[in-house]
Amino acid sequence: MSRIVVTGGAGFIGSNFVHHLVSQTDCHVVVLDKFTYAANAASLEGLPGARVTVVRGDICDFDTVEEVVAGADAVVHFAAESHNDNSLDDPSPFLQTNLVGTYILLEAVRRLRVRFHHVSTDEVYGDLPLDTLEKFTDSTPYNPSSPYSSTKAGSDMLVRAWVRSFGIEATLSNCSNNYGPFQHVEKFIPRQITNLIDGVKPKLYGAGHNVRDWIHAEDHSRAVLAILKRGIIGQTYLIGADGERDNLHVLTTLLEIFGRPADWFDHVSDRPGHDLRYAIDSTRLQQELGWKPIHGEFSEGLAATVSWYRENEDWWRPQKEATEARYRAQELNLGKVGR
Ligand code: NAD
Ligand code: TDX
C-alpha cells in the first residue's frame with residue numbers, strides 16, 4: 001500500500017497512528033480531518049512533509065471525500081465525535097459525523113474500490129457486571145448505552161452491510177480505552193493530569209468503581225496496522241491489552257505520582273447511564289495476526305504519560321480552560337432536554 005488516507009488523523013488516536021505509519025512503513029499518508037475542537041495541528045508537527053499531506057475537510061462532504069479517496073490504496077477511518085459526556089449534552093454532531101460521515105466514506109470506497117478499515121470501540125457492547133471475569137468477544141450482542149456508543153454501533157452495522165451487500169473490502173476493530181500522548185484534556189486521564197499540574201483537585205464521577213480496560217495508543221496503532229496488512233476481509237477484531245483498572249485506582253496512582261494524598265479529589269455528579277465495566281478478549285487478534293501489546297505495565301505507561309503532559313504544556317494549555325468551561329456548562333444542563 002503506497003497511499004493511505006487516515007480520517008481523524010489530527011485527533012488523539014489518529015495522530016498516534018499517523019506517527020506509527022510514518023515510522024513503520026514507507027507509504028504516503030493523507031490526513032482528512034475537519035479540525036473540530038478535538039483536533040490539534042501540533043500533534044502532526046515534525047512529520048516529514050514529503051510523507052504526509054493534511055487535508056482540512058469534513059467526512060460528511062461528498063466531493064471532498066471523493067477527491068481524497070480517489071487514488072488511495074486504503075482508508076483507515078478514525079474520524080468521529082468521540083466523547084460520551086458531549087454526546088449526552090448534544091447528540092446531533094454524533095449522528096452526523098459517526099453515522100452520515102461513515103456512510104459517505106463507505107459509498108466512496110465502494111465506488112472507487114478502495115480497502116477500508118473501520119475503527120470502533122468496545123462501548124458498542126454496552127457494559128459488563130463489576131463482579132465477574134466475563135469479557136467482550138466478537139459474538140457479544142450489541143447493547144450500547146450512550147448517544148456516542150449507539151452511533152458507533154450504527155456505524156459498525158453500516159460497514160458490515162456494505163461488506164455483505166456491496167462486497168467492499170473492509171475490516172473492523174473494536175478497541176478498549178486508550179491512553180498516551182496527544183489525548184484531549186476532556187478525557188479522564190489527561191483531565192486529571194492537567195488538573196494536578198495546575199494544583200486543582202481531580203474530578204471523579206460517582207464512587208469511582210467503574211472499570212475501564214486501558215491500552216496504550218501505540219499498541220492500538222500496531223493492532224490497526226496488523227489488521228490492515230493481514231486482516232481477513234469482513235472480520236471484526238477486538239483490541240485490548242488486559243488493562244482493567246477501576247477509576248479510583250487510576251486516580252490514586254496519579255495522586256501518588258504527584259505526591260498528593262490519596263483522598264485529594266472531588267466527587268462530582270455521575271455520568272447518566274455510566275457504563276460499569278469494559279473488558280476485552282483479544283484472543284483472535286493475538287492468535288490470527290500475532291499481535292501482542294508492547295506497553296506492559298500500566299503504571300509505567302501512566303507515569304510516562306504524566307511526563308509527556310508535563311513536558312508538552314504548549315500542546316494542551318490552549319484547550320484546558322475551554323474544556324473546563326464546557327464541563328461547568330454541561331453540569332448546569334444535566335437533565336435538560338432539547339435544543
Ligand atoms: P478524537 O476526538 O481525539 O479525534 C477525532 C478526530 O476526528 C478529530 O481530529 C476531529 O477533528 C476529527 N473529526 C471529527 N468530526 C469530523 C468530520 N466530520 N470530518 C472529519 N474529521 C472529523 O478521538 P479519538 O479518541 O482519537 O478516537 C478516534 C477513533 O477511535 C474514534 O472513531 C473512536 O470512536 C475510536 N476509539 C476511541 C477510543 C478511545 O479510548 N479514545 C477507544 C476505542 C475506539
Ligand atoms: O472527569 C472525569 N471523571 C471521571 O470519573 C471524566 C472525564 C471521566 N470520568 C470517568 C468516566 C469513565 O468511567 O472515567 C472513565 C473514562 O472516561 P472517558 O475518558 O470519558 O472515557 P470513556 O467514556 O470510557 O470512553 C473512552 O473510551 C472508549 C473514549 O472517550 C471513547 O471514545 C472510546 O470509545
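The values are calculated or read from the model by the stated rules, or taken from the named source; none is laboratory data. Source: prediction; values computed, not measured. Positions of Cβ are backbone-derived with ideal geometry, glycine not excepted, and every protein chain shown enters the neighbour counts. Accessible surface areas use protein heavy atoms only, side chains included; no ligands, DNA or RNA. Shrake-Rupley method; radii C 1.70, N 1.55, O 1.52, S 1.80 Å.
General remarks:
- ASP61 touching a Cys at 6+ places or on another chain (Cβ under 9 Å) and over 15 Å from GLY154 (Cα atoms): no
- In region 116-157, the qualifying residues are those that are hydrophobic (A, V, I, L, M, F, W, C) and closer than 27 Å to ALA74 by Cβ, and the one that is surrounded by the fewest Cβ atoms within 10 Å (Cβ to Cβ) is MET157.
- The number of residues in region 237-258 being of a type in the set (Ser, Thr, Tyr) and either within 11 Å of ligand 2 (Cβ to nearest atom) or in contact with a helix residue (DSSP H, G or I) (Cβ under 8 Å, 6 or more places away or on another chain) (or both) comes to 2.
- Test: residue in region 183-206 that is touching an Asp or Glu at 6+ places or on another chain (Cβ under 9 Å), under 23 Å from PHE265 (Cβ atoms), open to solvent by 20 Å² or more (accessible area, probe 1.4 Å) and among the hydrophobic types (A, V, I, L, M, F, W, C): yes
- Being among the aliphatic types (A, V, I, L, M) and closer than 22 Å to ASN84 by Cα is a property that LEU255 lacks.
- Candidates VAL268, VAL224: the one that is hydrophobic (A, V, I, L, M, F, W, C) and surrounded by fewer than 16 Cβ atoms within 10 Å (Cβ to Cβ) is VAL268.
- Of all residues making up region 158-187, the number that are among the hydrophobic types (A, V, I, L, M, F, W, C) and either away from ligand 1 (no atom under 15 Å from the Cβ) or over 14 Å from PHE116 (Cα atoms) (or both): 8
Each row is one residue, and each column tells you yes or no for (1) at positive phi; (2) within 16 Å of ligand 2 (Cβ to nearest atom); (3) over 15 Å from the mean Cα position of the chain (by Cα).
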{"position": "VAL30", "(1), (2), (3)": "no, no, yes"}
{"position": "GLY46", "(1), (2), (3)": "yes, no, yes"}
{"position": "ASP61", "(1), (2), (3)": "no, no, yes"}
{"position": "VAL68", "(1), (2), (3)": "no, no, yes"}
{"position": "SER87", "(1), (2), (3)": "no, yes, no"}
{"position": "ALA108", "(1), (2), (3)": "no, no, yes"}
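- Enumeration of residues in region 218-250 that are under 15 Å from the mean Cα position of the chain (by Cα), among the aliphatic types (A, V, I, L, M) and part of a helix (DSSP H, G or I): ALA223, VAL224
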